[in-house]
1. Being within 8 Å of the ligand (Cβ to nearest atom), in contact with a strand residue (DSSP E or B) (Cβ under 9 Å, 6 or more places away or on another chain) and open to solvent by less than 40 Å² (accessible area, probe 1.4 Å), is that true of even one residue in the range 66-77?
2. Looking at ILE119, ILE98, ILE159, can you tell me which residue is outside the structural domain of ALA213 (by TED's automatic domain parsing), in contact (Cβ under 8 Å) with a residue 24 or more places away in the chain and over 21 Å from LEU36 (Cβ atoms)?
3. Among (1) open to solvent by less than 50 Å² (accessible area, probe 1.4 Å); (2) without any contact (Cβ under 8 Å) to a residue 40 or more places away in the chain; (3) over 14 Å from GLY94 (Cα atoms), there is one condition ASP221 misses while meeting the rest; what is its number?
4. Return the residues of the range 13-54 that are over 21 Å from ASP82 (Cα atoms), open to solvent by less than 10 Å² (accessible area, probe 1.4 Å) and within 16 Å of the ligand (Cβ to nearest atom); say none if nothing qualifies.
5. Would you please name the residue that is farthest from PRO83 (Cα to Cα), looking only at residues in the range 147-162 that are away from the ligand (no atom under 16 Å from the Cβ) and not in a loop (DSSP other than H, G, I, E, B)?
6. Filter the range 224-257 for residues that are of a type in the set (Phe, Trp, Tyr), in contact (Cβ under 8 Å) with a residue 40 or more places away in the chain and loosely packed, with under 13 Cβ neighbours inside 10 Å and give the result.
7. Might you let me know whether the range 7-27 holds any residue that is hydrophobic (A, V, I, L, M, F, W, C), assigned by TED's automatic domain parsing to the domain that holds THR133 and in a helix (DSSP H, G or I)?
8. Any residue at all in the range 205-213 that's modelled with pLDDT under 95, of a type in the set (Lys, Arg) and in contact with a helix residue (DSSP H, G or I) (Cβ under 9 Å, 6 or more places away or on another chain)?
Amino acid sequence: MIYETVLTEIRGRVGIVTLNRPQAMNALDHRLLNELMDALNAFDQNDAVGAMVITGGEKIFAAGADIKEMAEKTPQQMMNGDPLAVFDKLRALGKPVIAAVSGWALGGGCELALSCDMIVASESARFGLPEVTIGVIPGAGGTQRLPRAVGKALAMEMIINDRRLTAQEALQHGLVNRVVPVSDYLNEALELAEDIASRAPLAVRAAKRMINASYESLLADGLAEERRAFYRLFETEDRKEGMTAFVEKRKPEWKGK
Ligand code: CAA
């Protein structure tokens with residue numbers, strides 16, 4: 001697949017996807033969403049990649065779903081195309097994905113960041129879900145993920161009153177992992193991703209899956225599934241290597257097996 005709306009690159013053991021529709025503020029049109037997912041899937045299946053970073057560049061992360069593309073659509077046309085189903089695929093990726101956000105992350109752009117496993121924000125990052133201002137609601141997970149991330153009170157205000165958060169406010173409310181100067185935000189995300197990529201791959205995948213399941217299942221189901229995942233990791237060579245290396249006071253060598 002030749003990409004027109006995203007750029008891809010592998011640096012070290014990190015797969016990077018850069019949203020690249022600057023003329024439309026990186027609005028997430030059908031093509032971009034498909035290309036983004038195709039690129040992430042390819043990285044997820046590539047053994048040379050241990051973690052992924054999605055960014056949009058210093059000026060803007062993404063201004064949400066493409067309003068011009070949607071403006072004339074009937075409900076039937078929207079449902080048949082189901083452009084937002086792509087977000088389910090993002091959720092299913094095995095390797096951790098970090099959003100490196102600078103500038104606006106609005107609407108579907110904010111939901112894209114919320115769908116990632118961690119968020120590194122630059123000091124200029126701003127987060128908002130303004131869908132109600134154009135007569136709809138967040139449709140890519142915002143009404144479900146945002147309250148879980150920042151609590152019900154603030155989520156109500158952000159979604160109903162279009163309250164937008166600065167990077168520092170997002171940090172204060174637990175929406176992002178860290179805030180760094182604009183000049184450092186991508187390197188910071190890459191370092192975090194490289195650190196993830198250096199760790200036991202199967203344990204990282206299981207940890208990601210279980211933490212995300214904690215949002216999506218009842219506590220009792222989540223606890224039972226976590227225990228099963230924990231025991232299953234005892235079948236792996238990496239588990240033996242990790243524990244043996246600790247006992248032998250040396251660095252483990254991960255095989256992803
Ligand atoms: N869709 C389509 N085009 C968009 C767009 C979007 N979401 N956001 C910006 N653009 C286009 C503008 O129309 C403009 O195009 P033209 O040059 O052809 O006029 C170009 O990008 C530059 O935008 P602005 O002139 O508005 O730039 P700005 O710097 O003044 O403002 C902004 C930037 C604050 C991001 C502003 O563009 C904005 O508010 N955008 C819309 C944000 C929004 O409402 N997002 C929610 C979308 S709905 C959604 O996401 C549904 C869902 O849950 C999945």
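1. Scanning the range 66-77, I find at least one residue that is within 8 Å of the ligand (Cβ to nearest atom), in contact with a strand residue (DSSP E or B) (Cβ under 9 Å, 6 or more places away or on another chain) and open to solvent by less than 40 Å² (accessible area, probe 1.4 Å), so the answer is yes.
2. ILE159
3. So ASP221 meets the others, but not (1).
4. Hit for the range 13-54 is ILE54, nothing else.
5. Looking at the filtered set, the residue picked out is ALA153.
6. Matches in the range 224-257: none.
7. Yes, the range 7-27 contains at least one residue that is hydrophobic (A, V, I, L, M, F, W, C), assigned by TED's automatic domain parsing to the domain that holds THR133 and in a helix (DSSP H, G or I).
8. no
The values are calculated or read from the model by the stated rules, or taken from the named source; none is laboratory data. Source: prediction; values computed, not measured. Reconstructed Cβ throughout: ideal geometry from the backbone, glycine too, with neighbour counts over all protein chains shown. Ligands, DNA and RNA are stripped out before the accessible areas are found, and what is left, the full protein with its side chains, is counted by its heavy atoms. Shrake-Rupley method; radii C 1.70, N 1.55, O 1.52, S 1.80 Å.
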